[in-house]
Amino acid sequence: MDVAEVDLLSAKAQSNATLIEQNIAAWEALYSQNPRWNRYPSEELAGFIASRFPSPAGLSALEIGCGPGTNLWFLAREGFGISGIDGSATAISAARNRLSAENLPTTSDLRIGNFALLPWAESSFDVVIDIQSITHNTTPVIESVVDEIRRVLKPGGWFFGRMFADTTTGILSGETIDARTTRAAQFGPLAGCGIVHGFSEDELANLMCDFDSVRLDWVHRRAGPAFDIVEWIVQAQRR
């Protein structure tokens, strides 16, 4: 590798690091506005937990991009030992407050950080979940996050994720960052939401190639008179 190639790789790494910092700052700003978030988990997540973990007591669960704790609250009530990570200090504080207010486990492990570099040991969790957090990142970050998810899952452990599909109205209408990632969509249900990645089925299948029992489902709903939201529902098991 010559000097020019080294310099190019260094510049790309610096650019990615800057984008990650900007993305985390944008989500912190959003959470600081105290927006209204869903109080209860999605039907798809609840169904997944019920089918895969009928007796979760003593098992461990991690949510990446946990936000204010909606899904952690649900997992704790089901009996999981819970951990969560989010780049927003405001979100983590809100999650802790919700768990505390409902007398749920005070031993939960909630951390502020970058989930492309998870601060937990290999084979730590029985299940890792992601609800529309991975999808708000660039391709290199997404690839790193999936590698990290696989690392911290126990053998036989499960990953559950929800990610926007590239058929969502306007998802790729913003400033192009990489092949399937844009920033500040110009129209559609994700307009102005910052960085967003639209997944194709082939891309997701390739991303999950080191997992077993991969299942890709999707949900489609209408937002307003003309906007379509399409999300992939991903289930995958660590070998």
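Just so it is clear, none of the values below were taken in a lab; they were calculated from the coordinates. Everything quoted here is computed from the prediction, not taken from an experiment. Positions of Cβ are generated from backbone atoms using ideal geometry, with glycine treated the same way; all protein chains shown enter the neighbour counts.
Some points to look at:
- Rounded Å value of the spacing that divides the Cα centres of the range 21-68 and the range 106-134: 11 Å
- Net charge of the neighbourhood of VAL234, taken over other residues with C-beta under 14 Å away and scored Lys/Arg +1, Asp/Glu -1, is -4.
- Kyte-Doolittle mean at least -1.0, axial Cα span of 24 Å or more - DSSP H helices of the chain: 3-32
- Mean separation of Cα contacts under 8 Å, 6 or more apart, over the residue count of the range 3-238: relative contact order %: 15 percent
- Sites ASP210 and ALA184, calculated FRET efficiency, Cβ-Cβ separation with R0 22 Å, nearest 0.05: 0.10
- Legend: calculated FRET efficiency, VAL219 to ALA191, from the Cβ-Cβ distance at R0 = 22 Å, rounded to 0.05, equals 0.60.
- Gaussian network model of the chain, Cα within-10 Å springs - most flexible of GLN132, GLN33, GLN186: GLN33
- A DSSP coil position with no more than 15 other Cβ atoms inside 10 Å describes the following GluC sites (Glu not before Pro) in the range 89-179: GLU102, GLU122.
- Diffusion constant of the chain at 10 °C, which comes from Stokes-Einstein with the Kirkwood Cα-pair radius and 1.306 mPa s, µm²/s: 86 µm²/s
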